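Undergrad: My questions will all concern the structure given below.
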Amino acid sequence: MSVTLIPMSATEYPVFLESSIKSYAESGVKSGRWTAGEALSQSRQQLTSLLKNGVSTEDQYLLKIIVTETGQNVGHIWLHCPSDKRFCFIYELYISENHRRCGFAQSAMLKAEEFAASKGATKLELHVFNFNKEAQALYQKLGFNTFSLNMRKEITPTHEPNTICNN
C-alpha cells in the first residue's frame with residue numbers, strides 16, 4: 001500500500017504534541033539522557049520551543065501519514081526544512097503500533113524525501129537513539145549513513161581534590 005503525506009490540522013496538533021512529548025521523554029530516559037523525574041519537563045520545553053506556533057511554525061512541517069487506498073491515518077512525520085538551508089531534518093517518524101511492520105514507515109520516508117526535494121533540499125537528516133535498532137536498520141536500508149556519533153561512559157564521581165601533574 002502506498003501513503004500520502006498531508007498537513008496536520010490545528011485541531012489535531014494538541015494530541016500530536018502530548019504524544020510526542022511523552023514519547024521523547026521516554027526515549028530520553030531510556031537513552032540515559034534524562035532522569036525519569038526531569039524527562040517530561042525537558043521534553044515539553046524542547047518540543048514547545050521548536051514548535052512555537054504549532055502547525056503554523058515557520059519551516060516546520062507536521063504531516064499525517066495516510067494510506068492512499070483507504071484514507072486511514074497510520075501515523076505522522078515531522079520535518080524541519082529551513083528555507084535558508086539545503087537540508088531537511090526529520091524530528092519524528094511515528095507509525096501507530098497496530099500498523100507497524102507493514103511497510104508504512106518505509107513508504108513515508110520515501111515520501112518525505114520527495115517532500116524535502118520539493119523544498120529545495122539536497123540532504124535529509126535525522127537522529128536515532130542507539131537503542132532503536134529497528135529504526136537504524138530501516139534508515140540504513142533507505143540509504144542513510146552515519147555522519148556523527150556521540151559516545152558516553154558512565155563514571156563514578158569522587159570527592160578527591162583535583163591534583164595537577166608537575167612532571
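The values are calculated or read from the model by the stated rules, or taken from the named source; none is laboratory data. Computed from a predicted model, the values in this text were never measured in an experiment. We place every Cβ from the backbone using ideal geometry, glycine too, and count neighbours over all the protein chains shown.
Undergrad: With respect to residue 146, is the statement that it is outside any helix (DSSP H, G or I), of a type in the set (S, T, N, Q), without any contact (Cβ under 8 Å) to a residue 24 or more places away in the chain and surrounded by fewer than 19 Cβ atoms within 10 Å (Cβ to Cβ) true?
TA: On the way: outside any helix (DSSP H, G or I): yes; of a type in the set (S, T, N, Q): yes; without any contact (Cβ under 8 Å) to a residue 24 or more places away in the chain: yes; surrounded by fewer than 19 Cβ atoms within 10 Å (Cβ to Cβ): yes.
Here the answer is yes, as residue 146 does meet what is asked.
Undergrad: From the set of residues in region 111-123 that are surrounded by 13 or more Cβ atoms within 10 Å (Cβ to Cβ), without any contact (Cβ under 8 Å) to a residue 60 or more places away in the chain and not acidic (Asp, Glu), which is farthest from residue 74 (Cα to Cα)?
TA: Within region 111-123, the match that is farthest from residue 74 (Cα to Cα) is 121.
Undergrad: Looking at residue 134, is it at pLDDT 85 or above and part of a helix (DSSP H, G or I)? Walk me through it before giving the result.
TA: Numbers: at pLDDT 85 or above: yes; part of a helix (DSSP H, G or I): yes.
Yes: the conditions hold for residue 134.
Undergrad: I would also like to ask the following. Which number in (1) in a helix (DSSP H, G or I); (2) in contact (Cβ under 8 Å) with a residue 24 or more places away in the chain marks the one condition that residue 44 misses?
TA: (2)
Undergrad: Among the residues of region 54-94, what is the count of those that are at pLDDT below 95 and either part of a strand (DSSP E or B) or crowded, with 20+ Cβ neighbours inside 10 Å (or both)?
TA: Qualifying residue count for the region: 1.
Undergrad: Is there a residue being surrounded by 15 or more Cβ atoms within 10 Å (Cβ to Cβ) and either more than 24 Å from residue 2 (Cβ to Cβ) or in contact (Cβ under 8 Å) with a residue 40 or more places away in the chain (or both) anywhere in region 98-107?
TA: Checking region 98-107: at least one residue is surrounded by 15 or more Cβ atoms within 10 Å (Cβ to Cβ) and either more than 24 Å from residue 2 (Cβ to Cβ) or in contact (Cβ under 8 Å) with a residue 40 or more places away in the chain (or both).
Undergrad: Scan region 27-41 and tell me whether some residue there is in contact with a helix residue (DSSP H, G or I) (Cβ under 7 Å, 6 or more places away or on another chain), among the charged types (D, E, K, R) and modelled with pLDDT of 95 or more.
TA: no
Every residue, every condition in (1) crowded, with 17+ Cβ neighbours inside 10 Å; (2) of a type in the set (D, E, K, R), yes or no:
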site	(1), (2)
7	no, no
12	no, yes
22	no, yes
30	no, yes
39	yes, no
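Undergrad: I want to confirm something. Restricting to region 14-38 and keeping residues that are over 16 Å from the mean Cα position of the chain (by Cα) and in a helix (DSSP H, G or I), which single residue is nearest to residue 50 (Cα to Cα)? Steps first, please.
TA: Taking region 14-38 as the starting set, the residues that turn out to be over 16 Å from the mean Cα position of the chain (by Cα) are 14-15, 32, 34-38.
If we keep only those that are in a helix (DSSP H, G or I) too, we end up with 14-15, 36-38.
Working: 14: 14, 15: 16, 36: 22, 37: 22, 38: 19 Å.
The selected residue is 14.
Undergrad: Does residue 78 satisfy the condition of being of a type in the set (Phe, Trp, Tyr) and farther than 21 Å from residue 95 by Cβ? Explain how you work it out, then say what you get.
TA: Details: of a type in the set (Phe, Trp, Tyr): yes; farther than 21 Å from residue 95 by Cβ: no.
No; evaluated as a whole, the condition is false for this residue.
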